[in-house]
Amino acid sequence: MAKQPIKVEITPTTPPPSATNPTDGMDEGRTMARRYLPDLVKLLAGVALGKDSEASLHTKFLAANAIANIAGVIPQTTPTAPPFDGSGPGDGSA
């Protein structure tokens, strides 16, 4: 007499959301990016540009491409202009 297979019905469940609303999730993602992005860039730079890197040419290319993509996403800070007080060269008073 052959054994009958046991049928167990497993219903997949979704994990609970990590944030109550989408903006909280974006803020959490930005916070994590600020925390881990410098380490990621250092790792990728070591792979792509390291003198003793044993990575293949394709891996170095992918790491360099990832660095370029990260640099395009990060908003660059623009320096603020110094306040104009009218006492420097080129102020038209000469």
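At-a-glance table
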item	result
Residue within the stretch 22-31 that is within 18 Å of Gly72 (Cβ to Cβ), under 19 Å from the mean Cα position of the chain (by Cα), surrounded by 10 or more Cβ atoms within 10 Å (Cβ to Cβ) and at pLDDT 85 or above present	no
Residue that is modelled with the lowest pLDDT, among those in the stretch 45-84 that are more than 30 Å from Pro17 (Cβ to Cβ) and under 12 Å from the mean Cα position of the chain (by Cα)	Ala71
Test for Ala19: is it surrounded by 10 or more Cβ atoms within 10 Å (Cβ to Cβ), assigned to a helix (DSSP H, G or I) and either modelled with pLDDT of 75 or more or on the phi < 0 side of the Ramachandran plot (or both)	no
Close pairs from the stretch 49-61: first surrounded by 10 or more Cβ atoms within 10 Å (Cβ to Cβ), partner outside any loop (DSSP other than H, G, I, E, B), Cβ under 7 Å, at least 6 apart	Ser53/Gly46; Ser53/Val47; Ser53/Lys60; Ala55/Val47; Thr59/Val47; Lys60/Val47; Lys60/Ala48
Members of the stretch 1-47 that are under 27 Å from Asn65 (Cα atoms) and hydrophobic (A, V, I, L, M, F, W, C)	Met26, Met32, Ala33, Leu37, Leu40, Val41, Leu43, Leu44, Ala45, Val47
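The values are calculated or read from the model by the stated rules, or taken from the named source; none is laboratory data. The structure presented is a predicted model; accordingly, all values stated were derived computationally and were not measured. All Cβ positions, glycine included, derive from the backbone under ideal geometry; neighbour counts span all protein chains shown.
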